[in-house]
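Notes for the one structure printed next.
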Amino acid sequence: MQIQENVPLNSHSAMRLGGNARYLSNINDRFEIAPLIAWAAQNRVPVIMVGDGTNIVWRDEGFPGLVLVNRIKRFETLNVDDDNMYLTVGGGEHWDSVVERTVDMGFSGLEELSLIPGTAGATPVQNVGAYGKEIKDVMMTLEAYDIMQGKLVTLPASECAFGYRTSRFKTTDRGRFLITSVTFHLARTNPAPPFYDSLRLYFADKGITAFTPKVVRDAVIAIRSAKLPDPKVVANNGSFFFNPFVSSEKLSQLLEDFPTLAYSVTSDDKIKVSAAWLVEQAGFKDAHDTETGMATWAKQPLILVNEGAKSTADLLKFKQKITDAVKEKFGITLQQEPELLP
Ligand SMILES: Cc1cc2nc3c(=O)[nH]c(=O)nc-3n(C[C@H](O)[C@H](O)[C@H](O)COP(=O)(O)OP(=O)(O)OC[C@H]3O[C@@H](n4cnc5c(N)ncnc54)[C@H](O)[C@@H]3O)c2cc1C
């Protein structure tokens, strides 16, 4: 059991801000978890598990307990036949490497989720999604250490309360389950239209009419690389705000004042407004804020970039400027996507 003390957390957040963890331990095996939980209980300190920190903003005060960094590696195929594969991956596996390996094996299911940064174990937490695909569509079960029961448990997808960028791991059972592995059901089929709008446009533009998992992965990588900053190079947490949902009355009212409003209707008839459009129209397109050292990414205003912020307080001040401007202009309160911890 190796526990480090007073570890700077800025290297455990893609925004590269935040104070120190009082204690930190890297987890390489699921059986390392139980003794560490017992140690934390004995020392009366809170525990949190993280992956690569791409969806986390640490407060300047730091974390007053034990941070467990999931480094558990595993890539195990089960029951592979001509058409199906059940794949179990360790919570600490680099997510995009998992996607790449499944695509290289000719299996479909994860290709739309290419190039999402972070670890495999974090993907169920916010039901990671992109280009019309979500983790809930392909996940069968996950294994987690349940702090409440003090043992490893297996949860089927149906018991994870998945929703748009959410799950029970972010809501009712926040902090209770430490995810050690995730099992997916993938198929040896080719993806078929209809594709998500930006993919459809990309294929039409390139004259692509034959689709394989690799073709879709390459398209997703090309689209994402063209508009999103690489968190290894530019400090950012990806989309900083969720796309807000509005009522049909609110939509009519908005369209009267803003006829070019960007919105879409989801398959379950919910009206989703583009947060990027709201931020841009509120005056934050390619904005560089000298007071806080924060900026919005030129190609995607939903991404807040740390150009020279000194603290999380700077980031939060910049965020407030944006949310206030959007609220004033559109009457919509934007909600932050990356988790502010603790
Ligand atoms: C450039 C960029 C683009 C992005 N694009 C997308 C996108 O298209 N779609 C999307 O959905 N997200 C996107 N994200 C957000 C992020 O990549 C995902 O949420 C990712 O799954 C986070 O993985 P992580 O390992 O970094 O998790 P962390 O940031 O370390 O943790 C996130 C949350 O999950 C919890 N957690 C992490 N691992 C575990 C575990 N093993 N067990 C229990 N709890 C755990 C943490 O406590 C925290 O609450 C993007 C981020 C960036 C920086």
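The values are calculated or read from the model by the stated rules, or taken from the named source; none is laboratory data. What you see is a predicted model; the values in this text were computed from it and never measured. Ideal geometry is used to build each Cβ from the backbone, glycine not excepted, and the neighbour counts take in all protein chains shown. Areas reflect the complete protein model, heavy atoms only, side chains present, ligands, DNA and RNA absent. Shrake-Rupley method; radii C 1.70, N 1.55, O 1.52, S 1.80 Å.
Each Cα pair under 8 Å and six or more residues apart adds its sequence gap; the mean of these over the residue count of region 130-190 is a relative contact order of 41 percent.
Using just the Cα positions, wrap region 107-207 in a convex hull and report its mean projected area in square nanometres, one decimal place.
On the way: hull surface 28.3 nm².
Here the figure is 7.1 nm², rounded to one decimal.
Helix-only arithmetic for the chain: the sum of -39500 (n - 2.57) across DSSP H runs with n ≥ 4, divided by the residue total, places the mean residue ellipticity at 222 nm at -7000 deg cm²/dmol.
Straight Cα distances below 23 angstrom link K206 to the lysines K133, K214, K227, K299, with same-chain residues fewer than 8 positions distant left out. The C-alpha radius of gyration of region 49-158, expressed as a fraction of 2.2 N^0.38 Å, stands at 1.14. Take every pair of alpha-carbon atoms less than 8 Å apart whose residues are at least six positions apart; their mean separation over the length of region 3-54 yields a relative contact order of 35 percent. Annotation for T166 and K151: the two label points, set 7 Å from Cα along the Cα-Cβ direction, are 3.1 nm apart.
With a cap of 12 neighbouring Cβ atoms within 10 Å, and only residues DSSP puts in a loop, list the trypsin sites (Lys or Arg not before Pro) found in region 1-99. Here the trypsin sites (Lys or Arg not before Pro) that fit, given the DSSP loop and packing criteria, are R44.
Under a Cβ-only charge scheme (Lys and Arg +1, Asp and Glu -1), can you give me the dipole magnitude of region 195-342 about the Cα centre, in debye to the nearest 20? Provide the component values of the computation, followed by the final result.
On the way: 18 positive and 19 negative charges, 93 e Å.
Here region 195-342 has a charge dipole of around 440 debye.
Carbon-plus-sulfur accessible fraction, the chain (probe radius 1.4 Å, protein heavy atoms only): 49%.
Assuming a ≥ b ≥ c are the square roots of the Cα gyration tensor eigenvalues, decide whether region 4-70 counts as rounded (a/c under 1.5), prolate (otherwise, with a/b larger than b/c) or oblate. Oblate. A simple charge model with +1 on the Cβ of Lys and Arg, -1 on the Cβ of Asp and Glu and nothing else charged puts the dipole of the chain at about 480 debye relative to its Cα centre. A 1.4 Å probe run over the chain, with the rest of the protein chains in place, finds 47 Å² accessible per residue.
Once you reduce region 211-257 and region 160-180 to the center of their Cα atoms, the two points are 22 Å from each other.
In the chain the Cα-Cα distances spread across 10 Å bins starting at 0 as 5, 23, 32, 26, 12, 2, 0 percent of all pairs.
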